[in-house]
Amino acid sequence: MIFTSFFKALAQISDTRFRKVLMLGIVLTLVLLIAATVGFLMLIQWLTGDTTEVWLIGEVRWLDDLLGWTGFLAMIVLSIFLMIPVASAITSMFLDEVAQAVEDKHYPNLPPAQTVSIWDATRDTVNFLGILIAANTLALVLYAFMPPLMLFIFWGMNGYLLGHEYFQLAAMRRVGRTKAREMRKANRGKIWLAGTLMAVPLSVPLLNLLIPILGAATFTHVFHGLKDRTV
């Protein structure tokens, strides 16, 4: 069901309405990724100063160097880690539009979706982003002690967190917050696996630009698949 959901989402790229949201999502993903990269590099400068001495290299001007000829490379490398919170933000902004496009094509007989209030949506997004950033910050300790397992820790942890958010947002439109939480807990393993399927390509530069929107579409299918099995 998980792979079927993903390939259904992938096949809908040819849909004009879906493609429009996808292109807008890619543009905003790039904007957020560039902003996050610049912010991260400015944090490095603040921590190290304008210049620092590196053994065998000499004096390094961090911000000037990283925002200059190495800026693009820095963004590509940092995107592996920064795309997780960026994907979360993009999903929160576009899930309703993506889910509606998916439902209009594949589930045309559904009644209108429930409206999620701006307050609830904003509160959920901010809370989840905080958890996501805190978890990935703490994971840096694990990466330092277990470098061979870094990618697997990254995929597993973020797969769980992204699956949580993707499914909750997709399900709330149809069954409300309480029922969405119950469904998520009852299908924790499947949702974790589906979230990991999204987290793996998020760690691949350039390919990761497509995943926030495709992930929203995939989890719309996952929700309906799980809902049909419980009816």
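Details
- Filter result (under 19 Å from ILE90 (Cα atoms) and either in contact with a Ser or Thr (Cβ under 8 Å, 6 or more places away or on another chain) or surrounded by 16 or more Cβ atoms within 10 Å (Cβ to Cβ) (or both)) within the stretch 123-154: ASP124, THR125, PHE128, LEU129, LEU132, ASN136
- Considering the stretch 183-220, and only residues there that are over 10 Å from the mean Cα position of the chain (by Cα) and of a type in the set (Gly, Ala, Ser), the residue that is modelled with the lowest pLDDT turns out to be SER203.
- The stretch 105-140: number of residues that are in a helix (DSSP H, G or I) and without any contact (Cβ under 8 Å) to a residue 12 or more places away in the chain: 11
- Count of the stretch 198-231 residues which are assigned to a helix (DSSP H, G or I) and open to solvent by less than 40 Å² (accessible area, probe 1.4 Å): 22
- Counting residues in the stretch 165-173 that are of a type in the set (Lys, Arg), in contact (Cβ under 8 Å) with a residue 12 or more places away in the chain, assigned to a helix (DSSP H, G or I) and touching a Leu at 6+ places or on another chain (Cβ under 9 Å) gives one or more.
The values are calculated or read from the model by the stated rules, or taken from the named source; none is laboratory data. The structure displayed is predicted, hence computed values, not measured ones. All Cβ positions, glycine included, derive from the backbone under ideal geometry; neighbour counts span all protein chains shown. Note: accessible area is taken over every heavy atom of the protein model, side chains too, but ligands, DNA and RNA are not part of it. Shrake-Rupley method; radii C 1.70, N 1.55, O 1.52, S 1.80 Å.
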